Amino acid sequence: MTDDESKKEYSAASIKIMEGLTAVRKRPSMYVGDTSIRGLHHLVYEAVDNAIDEALAGFCSMISVVIGDDGFITISDNGRGIPVDIHPKLNIPAIEVVMTKLHAGGKFDKKAYKVSGGLHGVGISVTNALSKKLFVEVKRNGKQYQQTYERGKPVSQLIILGNVDPKDTGTKIKFIPDDEIFSTTEFKFEVLSSRLRELAFLNKGIKITVEDKNANKKNEFEYDGGIISFVEYLNKNKNPLHKTIYFSKEKNGVQCEYAMQYNDSYQDSIFTFANNINTHEGGTHLVGFKTALTRVMNNYVDRNNMKGLKLTSDDVREGLTAVISVKIPEPQFEGQTKTKLGNSEIKGLVDSIVNDSLSSYLEENPKIAKSVVFKCINAAQARAAAQKARELTRRKGALNHGSLPGKLADCSERDPAKCELFLVEGDSAGGSAKQGRNRNFQAVLPLRGKILNVEKARLNKVFENTEITTMITAVGTNVGEEFDIKKARYHKIVIMTDADVDGSHIRTLLLTFLYRHLAQLIEAGYIYIAQPPLYKVTKGKIMKYIYNESDLGKFLEVFGKDGVAIQRYKGLGEMNPQQLWETTMDPDTRTILQVTVDDAVEADKMFTLLMGDQVQPRRKFIEMHAKEVVNLDV
Ligand code: 0RA
């Protein structure tokens with residue numbers, strides 16, 4: 001680099017450093033994604049990510065997160081502590097620069113990989129900007145320092161609280177989020193737990209604890225096995241076919257590791273990460289992995305004269321659980337949610353690492369190789385059968401776009417963004433829904449009885465199932481490689497089942513099918529769950545629909561029990577079309593829950609448990625989560 005160039009870089013860095021926090025408070029969503037529960041939790045992840053960076057640099061082994069009973073949350077670590085020396089240009093302590101200027105961290109950091117990119121890595125100053133009050137405490141140089149801020153502005157000097165052992169270092173950030181900014185300021189133990197567990201898997205050896213003082217809950221995550229432990233955690237309730245395969249290699253300044261283990265199911269669960277960020281939308285690391293995997297398996301088949309069809313990428317992923325984690329100096333994140341890795345050089349790099357290591361592994365472990373490759377060949381044969389079944393159904397017209405299923409009562413509106421499809425349990429409720437709906441924009445598809453449990457069925461069985469092919473045709477997107485979200489005929493697909501055990505089972509079956517085969521519809525936010533009332537209560541002239549037990553309690557408290565008639569709706573069929581419209585379908589009065597997959601790891605585990613073939617853990621899970629299962633919100 002010439003002198004001129006380095007000067008240019010330096011001044012660019014100093015301009016960045018001068019940027020204050022007004023921008024953050026003006027447009028918080030730009031920095032934390034949104035101002036709802038998701039953005040709220042980002043405030044914590046900013047602090048945690050900084051501590052993880054300290055750990056990756058080799059200076060921190062412990063991170064703790066405590067949800068207090070006073071609205072504050074505290075994140076502490078035993079890293080080096082944020083520097084406190086006076087910044088030569090700005091003439092204030094470095095810590096104040098870090099806390100009050102955007103991207104100030106970059107000035108100090110000379111780390112190889114930062115946990116940054118996407119929404120992360122915007123800096124701890126963002127947390128400060130969006131906090132009503134924040135205390136930062138640093139132990140460094142044998143002293144304990146503290147400074148206090150309100151809405152990003154210092155309200156005290158950096159003060160020295162006292163002396164500590166010089167070996168005792170670290171950072172503690174305690175804050176209360178700003179309720180002028182966030183629609184909710186309540187941190188969720190489960191949300192924090194799953195991200196912190198993920199971070200503990202991805203960064204082996206770091207101990208991360210999370211505690212909720214309001215609920216007396218505490219988790220401790222520390223995995224010496226790293227992503228091997230992650231794969232084993234994901235496969236916990238499945239039947240693995242072999243020991244976890246693991247490789248790690250650093251090449252061209254990029255650290256790449258993967259762990260994989262096949263199980264006897266038909267689903268694949270591959271999770272990819274770049275710089276600790278869950279790349280939900282995949283990207284070049286995933287493409288590299290898949291390409292190498294397909295090639296390695298086909299080579300093995302050829303070299304060992306195992307007869308079989310040519311294996312496709314789908315075939316070699318059947319029953320595969322894998323975690324791929326790369327750490328890159330300058331990650332590029334793309335895609336709708338900025339969770340798709342874009343760096344083009346990573347594809348070939350991951351491909352070559354997986355190709356070499358996995359080929360040798362199979363050569364050295366012939367027993368495992370045979371069982372795994374045999375499973376892939378099986379999958380290929382089933383795929384061929386499925387193809388035939390699909391063609392047959394297509395020829396019969398079931399998957400053809402031209403002919404819609406006869407059971408579908410379609411709407412007249414043609415703009416998918418305005419159209420709603422109700423998937424209704426049973427013909428009788430289906431009949432009420434057809435009569436009660438607004439036929440301009442609401443379509444109804446009655447589903448008869450139980451739909452197939454796709455968790456236990458191979459693709460060919462899935463496409464032989466009439467209820468499923470009918471649904472696919474009605475929705476219009478097709479599935480698998482032919483899936484096209486632009487062909488969706490409705491942007492709201494509402495699952496409407498009875499509020500009883502059977503209803504919740506059917507809802508789970510439907511969600512399992514959607515999650516495994518039409519996950520993009522969930523990601524696009526097209527899938528909803530209807531909320532029919534549980535009761536109708538009347539007293540004299542007062543009539544009210546009640547949607548949950550606690551509201552029933554409140555009603556009885558207000559109106560007393562005398563002279564109150566309570567009708568419990570066991571099924572949708574008990575409501576007449578007009579009632580069904582008013583309570584459950586009318587956009588002006590209904591509540592519908594949008595199905596989201598915030599946590600794919602948990603969702604995967606849940607569907608395996610609910611729908612898989614291990615009965616014992618399922619029973620345990622349902623007992624533990626009985627309430628949530630009734631109100632399943634994936
Ligand atoms: C700037 C520079 C250094 C460390 C940190 C920031 C730092 C920030 C946070 C936030 C939470 N925990 C943290 N730990 C450290 C480098 C320090 C050095 O060179 O000594």
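The values are calculated or read from the model by the stated rules, or taken from the named source; none is laboratory data. Worth saying up front: this structure is predicted, and the values here are computed from it rather than measured. So basically every Cβ, Gly included, is an ideal-geometry build from the backbone, and we count neighbours across all protein chains shown. We work out accessible area using only protein heavy atoms, side chains counted, and drop any ligands, DNA or RNA first. Shrake-Rupley method; radii C 1.70, N 1.55, O 1.52, S 1.80 Å.
Restricting attention to segment 270-295 and to residues that are in contact with a Gly (Cβ under 9 Å, 6 or more places away or on another chain) and assigned to a strand (DSSP E or B), the residue that is surrounded by the fewest Cβ atoms within 10 Å (Cβ to Cβ) turns out to be Ile270. If I filter segment 408-416 for residues that are under 29 Å from Arg568 (Cα atoms), of a type in the set (Lys, Arg) and open to solvent by 10 Å² or more (accessible area, probe 1.4 Å), do I get at least one hit? Checked segment 408-416: no residue is under 29 Å from Arg568 (Cα atoms), of a type in the set (Lys, Arg) and open to solvent by 10 Å² or more (accessible area, probe 1.4 Å). Each residue in segment 49-65 was checked for being near the ligand (Cβ under 8 Å from one of its atoms) and either among the charged types (D, E, K, R) or open to solvent by less than 10 Å² (accessible area, probe 1.4 Å) (or both), and 3 of them qualify. Just so you know, in segment 211-226 the residues that are in a strand (DSSP E or B) and under 28 Å from Thr244 (Cα atoms) include one that is most open to solvent (accessible area, probe 1.4 Å), and it is Glu220. For Lys570, the criteria (1) more than 30 Å from Leu192 (Cβ to Cβ); (2) touching a residue at least 24 places away in the same chain (Cβ under 8 Å); (3) touching a strand residue (DSSP E or B) at 6+ places or on another chain (Cβ under 6 Å) hold in every case but one, which is (3).
Report yes if Thr538 is hydroxyl-bearing (Ser, Thr, Tyr) and not in a helix (DSSP H, G or I), otherwise no. Yes. The residues of segment 234-263 that are in contact (Cβ under 8 Å) with a residue 60 or more places away in the chain and acidic (Asp, Glu) amount to a single one, Glu257. Restricting Asn275, Asn203 to residues that are farther than 22 Å from Tyr361 by Cα, of a type in the set (S, T, N, Q), under 20 Å from the mean Cα position of the chain (by Cα) and at pLDDT 95 or above narrows the list to Asn203. Residues of segment 331-370 that are assigned to a helix (DSSP H, G or I), surrounded by 14 or more Cβ atoms within 10 Å (Cβ to Cβ) and acidic (Asp, Glu): Asp351, Asp356.
Quick one: in segment 305-320, which of the residues that are in contact (Cβ under 8 Å) with a residue 40 or more places away in the chain and part of a loop (DSSP other than H, G, I, E, B) is surrounded by the fewest Cβ atoms within 10 Å (Cβ to Cβ)? Talk me through it step by step, then tell me what you get.
Step one: of segment 305-320, the residues in contact (Cβ under 8 Å) with a residue 40 or more places away in the chain are 306, 308-312, 314-320.
Imposing the further condition that a residue be part of a loop (DSSP other than H, G, I, E, B) reduces the set to 306, 308-312, 318-319.
Details: Met306: 14, Gly308: 17, Leu309: 14, Lys310: 10, Leu311: 24, Thr312: 16, Glu318: 23, Gly319: 24.
This residue is Lys310.
Tell me whether segment 306-318 contains one or more residues that are closer than 20 Å to Gly33 by Cβ and modelled with pLDDT of 95 or more. Within segment 306-318 (the criterion being closer than 20 Å to Gly33 by Cβ and modelled with pLDDT of 95 or more), the answer is no, since none of the residues qualifies. Each residue in segment 72-94 was checked for being over 29 Å from Phe201 (Cβ atoms), within 14 Å of the ligand (Cβ to nearest atom) and part of a loop (DSSP other than H, G, I, E, B), and 4 pass.
Within segment 430-445, the residues that satisfy the criterion of being more than 16 Å from Asp586 (Cβ to Cβ) and at pLDDT below 95 are Gly430, Gly431. Between Asp34, Asp69, the distinction of being away from the ligand (no atom under 11 Å from the Cβ), without any contact (Cβ under 8 Å) to a residue 24 or more places away in the chain and out of contact with any Phe, Trp or Tyr (no Cβ under 8 Å at 6 or more places or on another chain) belongs to Asp34 only.
Listed by position, the helices (runs of 4 or more DSSP H) contained in segment 542-634 that have at least 2 residues being at pLDDT 75 or above are 549-559, 577-580, 600-611.
For segment 476-498, how many residues are buried (at least 20 other Cβ atoms within 10 Å of the Cβ) and under 21 Å from Gly430 (Cβ atoms)? Residues that pass the stated criteria total 9.
When we screen Gly106, Gly117, Gly79 for residues that are open to solvent by less than 40 Å² (accessible area, probe 1.4 Å) and either modelled with pLDDT under 85 or of a type in the set (Lys, Arg) (or both), the only hit is Gly117. In this structure, Pro166 qualifies as open to solvent by 80 Å² or more (accessible area, probe 1.4 Å) and more than 27 Å from the chain's Cα centre (by Cα).
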